[in-house]
Amino acid sequence: MSSLKGVYWDLDGTIANTELEAHLPAFNSAFKDFGLIWNWDISTYVNLLKINGGKNRISYFSKISKEYISEDSVVKIHKRKQFYYLENIKNNCIHLKSGVKRLTNDLANNAVRQFIVTSSSKIQVELLIKHLFGDSNPFEFIISSDDVKLHKPNPLPYLEAMRISGIKNYQSVVFEDSIPGIQASFAANLPTIYTPSNIPTAIDRNIKLDCIIKNLGDGSEMANVVKGPKIDTKYIDYFYLNKYLMPFFNAENKFFQNN
């Protein structure tokens with residue numbers, strides 16, 4: 001049985017709950033700057049998260065609200081939104097999800113390579129990672145929306161990450177929190193752990209989730225494995241992922257096995 005060699009992390013909602021804390025207020029501030037009467041509430045924004053990518057959400061909303069906005073205007077609005085998002089990061093609006101720092105350190109100490117695969121722009125990702133991890137950045141590289149032509153739910157971001165890392169799918173694990181992300185990782189034949197964010201998500205019943213972990217565990221918080229191999233330790237760590245989760249994924253998905 002192959003050991004764990006690589007972990008691909010989604011960013012928004014997986015490493016940190018950024019959507020409601022920073023992205024949503026940034027959109028609304030940008031709309032105000034451009035004289036739009038739009039003010040997305042949480043319910044509206046959660047529904048719009050089904051549309052992947054900020055510019056795509058702006059375009060989609062303009063169509064359903066029957067207010068025409070040119071492609072050039074969409075780009076300008078989104079650029080302004082990015083400005084406010086970066087300001088929100090600088091103002092400490094975003095924090096790591098429980099257990100992420102502990103687990104990334106544990107994986108690094110066990111020579112597991114780690115990567116970011118996200119639909120966010122590179123400038124957003126780099127600033128956020130610097131803010132959250134400082135000089136102890138455990139990620140070898142980032143695949144952002146700027147690096148691939150097709151984004152999640154297309155598998156291309158993960159396929160590109162696998163190509164660059166050179167790590168086989170049966171030696172890898174993905175952490176994802178969204179439907180488009182799960183669809184992308186599944187299409188790339190990657191074992192995937194679903195880690196729900198603070199955004200209510202209805203899982204498509206056609207998507208078979210083998211592993212759901214609600215909390216990685218940290219400090220006094222115990223890990224919460226909703227579905228998957230039973231955990232007999234306090235936290236999700238390298239030992240759990242390598243000894244229990246990798247054999248579990250290989251048993252559930254025969255194409256992950258190293259024949």
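The values are calculated or read from the model by the stated rules, or taken from the named source; none is laboratory data. Note that the coordinates shown come from a computational prediction; the quantities given were computed from them, not determined experimentally. Cβ: placed from backbone, ideal geometry, glycine included. Neighbour counts: every protein chain shown. Just the protein is used for accessible areas: all its heavy atoms, side chains included, with ligands, DNA and RNA removed. Shrake-Rupley method; radii C 1.70, N 1.55, O 1.52, S 1.80 Å.
Side notes on the structure shown:
- Cross-link pairs beyond the 32 Å C-alpha cut-off, checked among Lys76/Lys130; Lys97/Lys149; Lys66/Lys208; Lys5/Lys214; Lys90/Lys208: Lys66/Lys208; Lys90/Lys208
- For the stretch 60-214, the Kirkwood radius over C-alpha pairs fed into Stokes-Einstein at 10 °C and 1.306 mPa s yields D = 92 µm² per second.
- Rg/Rg_ref, the stretch 16-116, where Rg_ref = 2.2 N^0.38 Å and atoms are Cα: 1.31
- Average accessible surface area per residue within the chain, 1.4 Å rolling probe, Å²: 48
- To the nearest ten degrees, helix 24-33 and the longest principal axis of the Cα atoms of the chain are 20 degrees apart.
- Among residues other than Leu20 with Cβ under 12 Å from its Cβ, the summed charge is -4 (Lys and Arg +1, Asp and Glu -1).
- Placing a pseudo-label 7 Å from each Cα along the Cα-to-Cβ vector at Leu127 and Ile64 gives an inter-label distance of 2.8 nm.
- Highest-MSF residue in the chain out of Tyr235, Tyr68, Tyr45 [GNM, Cα springs under 10 Å]: Tyr68
- Near Lys243: Cβ cut-off under 13 Å, other residues only, Lys/Arg at +1 and Asp/Glu at -1. The net charge is -1.
- If you take the alpha carbon atoms of the stretch 100-157 and fit the smallest convex hull around them, that volume is 85 Å³ per residue.
- Once the Cα gyration tensor of the stretch 166-247 is diagonalised, semi-axes √(5λ) in Å: 20, 17, 10
- Residue of Ala184, Ala111, Ala223 that the Gaussian network model of the chain assigns the largest fluctuation, springs spanning Cα pairs under 10 Å: Ala111
- Among the protein heavy atoms of the chain, carbon and sulfur supply 50% of the accessible surface, probe 1.4 Å, non-protein parts ignored.
- Expected 222 nm ellipticity per residue - DSSP helices of 4 or more, -39500 (n - 2.57), all of the chain, to 500: -11000 deg cm²/dmol
- For Gln171, net neighbour charge (Lys/Arg +1, Asp/Glu -1) across residues whose Cβ lies under 12 Å away: +3
- Note on the chain: with a GNM built from Cα contacts shorter than 10 Å, the maximum mean-square fluctuation among Lys168, Lys55, Lys230 falls on Lys230.
- Between Asp232 and Glu160, the C-beta separation translates, for a Förster distance of 30 Å, into a calculated FRET efficiency of about 0.25.
- Cleavage-rule hits, GluC sites (Glu not before Pro), the stretch 48-131, DSSP coil, Cβ neighbours within 10 Å at most 12: Glu67
- Measuring spread by the Cα atoms of the chain yields a radius of gyration and Dmax of 18.5, 60 Å.
- The chain: antiparallel DSSP beta bridges as a percent of all, rounded to 5: 25
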